[in-house]
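Please read the structure below before turning to the comments.
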Amino acid sequence: MEPSASRVFCSRVLGMVNAEDVNAIIQAQKNMLDRFEKTNEMLLNFNNLSSVRVQQMSERFLHHTRTLVEMKKDLDSIFRRIRWGRRASRARRAHSRRRRHAPRSPRRALKAKLAKQYPEAFSNIHESPILDDDDEDFDPVPKSSTTTIATSEQSTESCDTSPGALSPATSHDFEDLSQGPCNSPALNGQTLTDEEAPDDLD
C-alpha cells in the first residue's frame, strides 16, 4: 500500500527542517528574553532613582524659590528706604538752601561776624537751638528799655542847660565863676591855699 500524498508532503517538509537550527533559534530567543528582562529591570531602577531625584530637586527648587521671594521683599524694602532717604536728603538740602538764601536777622549776622573774627572764643560755646529758631522774633531792645530811654530823653529836654535857656542872673553867676581863679585846688567845694593843699592831700 502506497503512502498518501499528504504524508509524503509532511515527511519531505520535516526532512527540510534542521533540528540544530531550531535549537539555535530557541536558545537565541531565550538569550534575548534574558536581556529584555535585565533591561526592563534597569529601566525600573532608573525610573525609581529619577523619581527620587525629581522629588529632591523639587524640594530644593521650592526652597530656592522661597529664598528668592524673601530676597526680593528685602530688596524692595531696601530700595524703598533708599528712595525715602533720597527724598528726605533732597528736602533737607532744599530747606538748608532756602535758609541759606533767606535774609539773616541782625543778631545772627553779628554773631556770624564775631565768630569769623574770634573763632577761638566761639569754639567752645554751645549754641541753643531755641535761640536760633527765635532769632527772627528776638527784639534786641526790650520795651522797658525803650520806655526808659524815652523818659530820659524827655527829662533831658525838660532840663536843658543851654545859655539861651538860662536866666540872666544864672548866666551872670556862671560868667563870674569862669572869670575867677581856677588854679587853686579845691576840696569838698572849699578853696585851699598853697600851704594847706599839700598837707590835706597827703
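The values are calculated or read from the model by the stated rules, or taken from the named source; none is laboratory data. Model, not experiment: these values are computed from the prediction. Note: ideal-geometry Cβ built from the backbone for every residue, glycine included; neighbour counts use all protein chains shown.
Here are the numbers:
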quantity	calculated
Residue count, the range 80-98 (criterion: over 14 Å from the mean Cα position of the chain (by Cα) and not small (Gly, Ala, Ser))	3
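Yes/no matrix, rows are residues, columns are (1) out of contact with any Pro (no Cβ under 8 Å at 6 or more places or on another chain); (2) modelled with pLDDT of 90 or more; (3) not hydrophobic (A, V, I, L, M, F, W, C):
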residue: 58; (1), (2), (3): yes, yes, yes
residue: 61; (1), (2), (3): yes, yes, no
residue: 64; (1), (2), (3): yes, yes, yes
residue: 68; (1), (2), (3): yes, yes, no
residue: 74; (1), (2), (3): yes, yes, yes
residue: 81; (1), (2), (3): yes, yes, yes
residue: 91; (1), (2), (3): yes, no, no
residue: 94; (1), (2), (3): yes, no, no
residue: 97; (1), (2), (3): yes, no, yes
